[in-house]
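Taken together, the values in this text are just the output of simple stated rules run on the coordinates, not laboratory data. Here the structure is a predicted model, which is why all the values come from computation and not from measurement. Here the Cβ is made from the backbone with ideal geometry for all residues, glycine too, and neighbour counts use every protein chain on show.
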Amino acid sequence: MKAAKTAKSKSPRRPPKAPSPKYDLRLYVAGQTPRSLQALSNLKRICEEHLAGNYRVEIIDLLKKPQLAAGDQILAIPTLVKAIPKPARKIIGDLSNTERVLVGLDVRPARFTAGKG
Amino acid sequence: MKHKLSPRLPSLRLAKSPTGINGLDEITLGGLPRGRPTLICGGAGCGKTLFGIEFLVRGALQFGEPGVCITFEESARDLATNVASLGFDLEKLQAAKKLYIDHIYIDKSEIAETGEYDLEGLFIRLNTAIDSIGAKRVLLDTPEALFAGLSDVGVLRSELRRLFGWLKDKGVTAIITGERGTGTLTRHGLEEYVSDCVILLDHRVQNDAVTRRLRILKYRGSTHGTNEYPFLIDQHGISALPVTSLGLNHPAPSERISTGIAELDGMLGGQGYYRGSSVLVTGTAGTGKTSMGAHLIDAACRRGESAIFFSFEESPQQIIRNMRSIGLDLGRWVKKGLLQIESARPSAFGLEMHLVRMHQLLEQHKPKVVVIDPISGLLPGGSEHDVHGLVLRIVDFLKHSGATGFFTGLSAEDDLQTTSLAISSLVDAWILLRNIEVNGERNRVLYVLKSRGMAHSNQIREFLLTSQGVRLREVYVGVGGVLTGSARVAREAEEQREQIQKEQENRNRELTAKMALHSLEVKIAKLQAEKQARENELAAAVGEGQAQRATRLAERAAIRQSRGMAAGNSGNSRRPNGLEGKL
């Protein structure tokens, strides 16, 4: 099941092969927890709606590759790391707050949602 | 259930992880609770991180227990630099896989929270770290930093609770540090989750010197020292100083050692101090306290024993020079390595530092005799209570190590019997030196105020500093009080004169008697001669008388014959005798 998921997430990576994608994202999860699955489906939805093929997502399961946690300073699970474009940013949680995710991804300016604490 | 219980019985007692930190294992009676988290809390700069690092380093080096350090505040590199001055080489330990340092930092500006999350990432990193080197010890310094980086306090709290439980399940001995908050032990109430052992660190400034203190607030399942213990951070790391953790169970050898002054040995039952006892010598300025200490040291070094001289007033060179003037060459013992002279101004550092320095030297050299001159010099370093505690700890420590302690104390002129430190009851022997001013001179006298466990002289002796060292003289105690100095010398001369006079008189009497006897004997001889003469005379007289009578008889017979009376008249032959009477 897991393998299928990663394969699926890799598929949107292929179409824009020629130009390097504008968004390079990494999603850190720890096993197939409901929260991880929730984050994954939220991410897929947001990416398809707002980034429209101009992105690449790598899913890292820390249960399988725990040594990768230190590199991106991962503490919270799930964490979405926006590696490109700079500046790098971490978006933690199950990504259920779409507005905040978009701010985090610099798709929307921060002031837009500043009121929401 | 029953099957499970019986094999577990031996492990019912709480296992402990020795920290290897000087003194702390004594206070905690063995170390921190093994397999449980311990909270170390205190204000900024009180040594929390160092405490934790030392726990890991000593664990790795001394007890074969690798350790993981998760630092939330300092980078691994900063941490290594900071503790390098304390002699800990973290990089070497990391290379040897005995230590794993992971720096976890959260930059709030980089993070957006978009829904539910947990801290599984932290767990995974910790787990990886622990498993990678088989760690038995963990330091989390300080997880409170998470509260600054993440805003969901509810999640953080439940995750921290889970973390500490997880550490317990993992079986690692953990130290969690926490910054002291107002009204609570830690800012974010970590003490709610870590409740097995809580150690409080504290530092205060007193008389311009910083005193660090440590207290075990709580230690579930174990007895522990409950006092506030001073501790110190120096080039060897942390040293905690158990006040009375040594307890009153030190050995009491009955061996005696010379005081170095023959007459004083004589005053102390002929043999000197007990080995391992504590001796206090008090006196006003210039009464010879230091000299007595030097004598004790000289005697010890002569026996080939090592000694330490702690001086708060004179430099080593000065002590050696001054003692040479009373005929003691301490310099050669220093050269031989038997004697160590340590000089420092009392104000050079705080009381605890003095104490720790002493501790370290005592541990290093294991001396048999220790002189502290003067112990009252420490008084400006802290309150009377602190100094008293310090002396108590020194006395305890010396007794435990079997070393003989010799303390001098400066006492006020008008108050000789109360030591300003009130330590007289702590010591075994107390010798008092004082000056007596009379007849325009000042003389020293000495007496033994107390000496536990031995017969000792009740006499006051005059104390002389000569070029051959300290000498004690009998003092003259008479109606006019104690005579010392020239008065004593005069008195001694007078006594000598009286003695000579008496001897002369005796000789005279003897002579007179002899003469009388002699004259009597002469008289007796004379009388004897006279008696002999009389006897001779008597004998002569008797002999003469008989001869005359015989002559007369012969004459009469001749007359009778001539008158014709027959000689043949036999009837008459018997008569003459009878007739004689009639004649």
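Could you put B:Leu200, B:Leu351 in order, starting from the residue whose Cβ has the fewest other Cβ atoms within 10 Å?
By the 10 Å Cβ count, ascending: B:Leu200, B:Leu351.
Shielding by partners for A:62-69, please: the mean number of other protein chain Cβ atoms within 10 Å of each residue's Cβ. Write down the numbers at each step before the final one.
Numbers: counts 7, 2, 0, 2, 10, 5, 3, 11.
That works out to 5 on average.
So if I take the centroid of the Cα atoms in the stretch B:157-181 and the same for the stretch A:48-93, what is the distance between those two points in Å?
The stretch B:157-181 and the stretch A:48-93 have Cα centres separated by 27 Å.
Where a Cα-Cα gap under 15 Å defines reach, which aspartates and glutamates qualify for B:Lys450, not counting those fewer than 8 residues away within the same chain?
B:Asp265, B:Asp428
Below 12 angstrom from the Cβ of B:Glu498, what's the summed charge of the other residues (Lys, Arg +1; Asp, Glu -1)?
On the way: positive: B:Arg491, B:Arg497, B:Lys502; negative: B:Glu492, B:Glu494, B:Glu495, B:Glu503, B:Glu505.
Charge balance in the 12 Å sphere: -2.
So how do B:His354, B:His388 line up by other beta-carbon neighbours within 10 Å, fewest first?
Listed from fewest to most nearby Cβ atoms, that is B:His388, B:His354.
Using only Cα atoms, tell me the angle between helix B:351-365 and the longest principal axis of chain B; keep it within 0 to 90° and round to the nearest 10.
That works out to roughly 70 degrees.
Identify all aspartates and glutamates with a Cα-Cα distance to B:Lys366 below 12 Å; exclude those on the same chain that are fewer than 8 residues away in sequence.
B:Glu305
Among the listed pairs A:Lys90/B:Lys170; A:Lys65/B:Lys168; B:Lys136/B:Lys399, which have their C-alpha atoms separated by more than 27 angstrom in this model?
A:Lys90/B:Lys170; B:Lys136/B:Lys399
Take every Cα pair under 8 Å in chain B that's 6+ residues apart, average their separations, divide by the length, and report that relative contact order as a whole percent.
12
Does anyone have the angle between helix B:485-562 and the longest principal axis of chain B? Alpha-carbon axes, 0 to 90°, nearest 10?
Between the helix axis and the principal axis of chain B, the angle is about 20 degrees.
In whole Hz and in residue order, list the ³J(HN,Hα) couplings for the stretch B:68-77 that follow from phi through the Karplus curve 6.51 cos²θ - 1.76 cosθ + 1.60, θ = phi - 60°; x for Gly and Pro.
Whole-Hz 3J(HN,Hα) from phi for the stretch B:68-77: 10, 10, 9, 9, 9, 10, 9, 6, 4, 5.
Send over the semi-axes of chain B's equivalent ellipsoid, whole angstrom and largest first, taken as the square roots of 5 times the C-alpha gyration tensor eigenvalues.
Numbers: eigenvalues 2206, 176, 68 Å².
So the equivalent ellipsoid measures 105, 30, 19 Å along its semi-axes.
Averaged over its residues, how many other protein chain Cβ atoms are within 10 Å of peptide A:83-93's Cβ atoms?
The mean count of partner-chain Cβ atoms within 10 Å per residue comes to 4.
Where a ≥ b ≥ c are the square roots of the eigenvalues of the C-alpha gyration tensor, would you call the stretch B:257-313 rounded, which needs a/c under 1.5, or, failing that, prolate if a/b is larger than b/c, or oblate?
Numbers: a/c = 1.80, a/b = 1.17, b/c = 1.53.
Verdict is oblate for the stretch B:257-313.
If the limit is 28 Å between Cα atoms, which of B:Lys97/B:Lys218; A:Lys44/A:Lys64; A:Lys64/B:Lys98 go over it?
Details: B:Lys97/B:Lys218 33 Å; A:Lys44/A:Lys64 22 Å; A:Lys64/B:Lys98 25 Å.
Distance filter (> 28 Å) returns B:Lys97/B:Lys218.
For the stretch B:267-283, take each phi angle, set θ = phi - 60°, evaluate the Karplus expression 6.51 cos²θ - 1.76 cosθ + 1.60, and give the result in whole Hz per residue in order, putting x for glycine and proline.
These are the phi-based 3J(HN,Hα) values: 5, 9, x, x, 10, x, 6, 6, 5, x, 8, 10, 10, 10, 10, 10, x Hz.
Counting other beta carbons within 10 Å of each Cβ, put B:Met323, B:Met454 in order, fewest first. Write down the numbers at each step before the final one.
Numbers: B:Met323 23, B:Met454 18.
So the residues, fewest neighbours to most, are B:Met454, B:Met323.
Please name which of B:Leu483, B:Gly350, B:Ala539 has its Cα lying farthest along the dipole of the protein assembly as shown towards the positive end, using unit charges on Cβ (Lys, Arg +1; Asp, Glu -1) and the Cα centre as origin.
Of the options given, the answer is B:Ala539.
Which ³J(HN,Hα) values in Hz, rounded to whole numbers, follow from the phi angles of the stretch B:18-26 under the Karplus curve 6.51 cos²θ - 1.76 cosθ + 1.60, where θ = phi - 60° and Gly and Pro get x?
For the stretch B:18-26, the Karplus-derived couplings read x, 7, x, 7, 3, x, 5, 5, 6 Hz, x marking Gly and Pro.
Using the Cα gyration tensor of the stretch B:256-474, with a ≥ b ≥ c the square roots of its eigenvalues, what is the shape: rounded (a/c below 1.5), prolate (a/b larger than b/c) or oblate (neither)?
rounded
Please report the equivalent ellipsoid semi-axes of the protein assembly as shown, computed as sqrt(5 x eigenvalue) of the Cα gyration tensor, largest first, in whole Å.
They are 114, 29, 19 Å, listed largest first.
So what's the angle, to the nearest 10 degrees on a 0 to 90 scale, between helix B:289-302 and the longest Cα principal axis of chain B?
Orientation of helix B:289-302: about 90 degrees from the principal axis.
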